[in-house]
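Below: the structure, in C-alpha cells.
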C-alpha cells in the first residue's frame with residue numbers, strides 16, 4: 001500500500017519536470033526582429049561626476065599688520081558687510097608713533113641744514129667775487145698807469161728801472177686776479193657739492209618720514225574691497241607681529257563654487273568643462289575655471305563659475321553640490337542607458353555571440369541621462385539584447401531568423 005502511494009506522488013512530479021523542461025527549452029530561442037539591439041561604444045561620452053563643496057569668493061583680500069602692534073579695536077567683526085576703505089581693525093603702536101616723531105624732527109633738521117648751506121653758498125660767492133673784482137681793478141689801474149709812463153720813459157723823465165718795476169707789479173696783480181678767479185670757481189663747486197649733499201639728506205629724511213607716517217596711518221586697517229568680512233583672526237588686546245594675519249574680506253559679488261571631485265576622475269577634469277550647481281533648491285549652470293594641480297584627502301578641488309545669477313541670499317561658505325561633465329576616457333566603454341541600468345551596480349545582460357545570446361555579468365560606473373559607463377564585462381563593439389532581462393540562472397538563447 002505504501003509503495004502505491006509513493007508511485008502516486010512521483011509520477012506527477014516527473015510529468016511536471018518534463019512539462020517545464022519543454023517550456024523552458026521553447027524559451028531558449030528568439031527571433032532576430034524581436035530583439036532591441038544596443039551596441040557598446042568605446043570613448044566619446046561625457047558623464048557627470050557628483051561633487052560637493054562650498055561657495056567661495058573669486059576675489060579675497062587678506063589684511064595683515066603693518067608693524068608690531070596691539071589690537072585696540074575690532075570695528076567690523078566677521079560677517080559684517082563693509083565698503084571699500086571702511087575701518088576693520090584699529091591697532092596701537094607707541095613705537096610707530098615715536099618713529100614718526102623722530103622722522104619729523106629729522107626732516108626739520110635736514111631742511112634747516114640745507115638752508116644754511118644755501119646761505120653760506122651765497123655769502124661765500126659774494127665775498128670771493130668782490131675779492132676777484134678788486135684784484136682785477138687794481139691790475140687794470142696799474143696797467144693804465146704803465147701806459148701813461150711810457151712816453152715819459154721815452155723822453156728819459158722816467159727811468160727804465162721804474163718802468164721795469166711797474167711791469168713787474170702789473171704781472172703780480174694779474175697773477176693774483178687769476179688765482180682769485182680759480183678760487184671762486186673751486187669755491188662754487190665745493191658749495192654746490194655741499195648743497196647737493198644737504199638736498200639728498202632732506203630727500204632721504206622725507207622718505208623715512210613718509211614711511212613712518214604710512215605706518216601710523218596703516219594702524220587703521222581698512223577694507224581693500226567691498227564685501228563681507230569673512231574672518232577675523234585676532235582678538236581685542238592681542239599683540240601682533242609685523243605681517244601677521246588680521247582679517248580677510250571677500251568680494252560677495254563674484255562667487256564661485258569650490259567643489260571636491262574624487263581623485264579617480266582627476267585626469268578627466270579640464271578648465272571650461274560644463275557643470276550644474278545645486279544650491280538653495282535651484283539648478284544653476286556653470287563651467288570649470290580652475291583645477292587644483294594637487295590632490296588632497298583623496299580629492300581634487302575645482303572652481304566652478306556660475307553662468308547665471310545665483311539665488312538671492314547665497315553667502316560665502318554656503319554648502320553647494322554639483323554635477324561636473326568630465327572629459328571622456330578614450331579607453332572607457334559606454335552603453336546607451338536603458339531602464340534598470342543603475343550606476344555603480346552589477347547587472348546580468350545577454351551579449352550576442354554569433355547566433356547566440358550569452359548571459360554575462362556587467363559592472364556599471366557613472367551615468368548620465370543618456371549613457372552609462374561600463375567598468376567591466378563588455379568591450380567596444382559588442383551588442384546586448386536590451387529588452388531581454390536576464391537572471392542569475394539564465395542560460396544561452398538561440399537567435400533565429
Q: From the C-alpha gyration tensor of region 36-180, pull out the three semi-axes of the equivalent ellipsoid (sqrt of 5λ each), sorted largest to smallest, in whole Å.
A: 95, 31, 10
Q. With contacts defined as alpha carbon pairs under 8 Å and 6 or more residues apart, what's the relative contact order of the chain in percent?
A. 29
Q: Return the whole-Å distance between the Cα centroid of region 213-266 and the Cα centroid of region 369-401.
A: 56
Q) In nanometres, what is the gap between the two model label sites at residue 241 and residue 203, each 7 Å from Cα along Cα-to-Cβ? A) 3.6
Q.
Can you give the log10 of the normalised intensity I(q)/I(0) at q = 0.15, 0.24 Å⁻¹, computed with Debye over equal Cα scatterers of region 33-72?
A. -0.78, -1.00
Q.
Between helix 2-26 and the chain, what is the angle of the helix's C-alpha long axis to the longest principal axis, kept within 0 to 90° and rounded to the nearest 10?
A. 50
Q.
Across region 354-401, what fraction of all alpha-carbon pairs, as a whole percent, falls in each successive 10 Å bin from zero upward?
A. 20, 52, 24, 3
Q) Cα atoms only, region 325-376: Rg and Dmax in Å? A) 11.8, 38
Q: Give me the distance in nm between label points sitting 7 Å out from Cα along the Cα-to-Cβ direction at residue 290 and residue 264, one decimal.
A: 2.8
Q: Report the normalised scattering of region 249-401 as log10 I(q)/I(0) at q = 0.09, 0.11 Å⁻¹, calculated by the Debye formula with identical scatterers on the alpha carbons.
A: -0.43, -0.58
(Q) As an exercise, find the ratio Rg/Rh for region 174-325 from alpha-carbon atoms, using the Kirkwood inverse-distance average for Rh. (A) 1.43
**Q.** Distant alpha-carbon pairs in region 296-365 (separation over 21 angstrom), percent
**A.** 56
**Q.** Most to least packed among 144-155, 189-200 [average Cβ atoms within 10 Å]
**A.** 189-200, 144-155
Q: Compute the long axis of helix 160-217 from its Cα atoms, compare it with the longest principal axis of the Cα atoms of the chain, and write down the angle in degrees, 0 to 90, nearest 10.
A: 30
Q) Label points 7 Å out from Cα along the Cβ direction at residue 394 and residue 308: separation in nm? A) 4.0
**Q.** Base-10 log of normalised Debye intensity for region 129-235 (one unit scatterer per alpha-carbon) at q = 0.12, 0.16, 0.18 Å⁻¹
**A.** -0.70, -0.87, -0.95
Q) In nm, what is the difference between 0.36 nm times the number of residues separating residue 118 and residue 171 and their Cα-Cα distance? A) 15.5 nm
Q.
Translational diffusion coefficient of the chain at 25 °C, 0.890 mPa s, Stokes-Einstein with Kirkwood Rh over Cα pairs, in µm²/s as a whole number.
A. 76
**Q.** Gyration tensor verdict on region 62-113 (Cα atoms; rounded if a/c is under 1.5, prolate if a/b is larger than b/c, oblate otherwise)
**A.** prolate
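Values quoted throughout were computed directly from the atomic coordinates according to the rules given, and no laboratory measurement underlies them. Here the structure is a predicted model, which is why all the values come from computation and not from measurement. Neighbour counts are summed over all protein chains in view; Cβ atoms, including those assigned to glycine, are modelled from backbone coordinates with ideal geometry.
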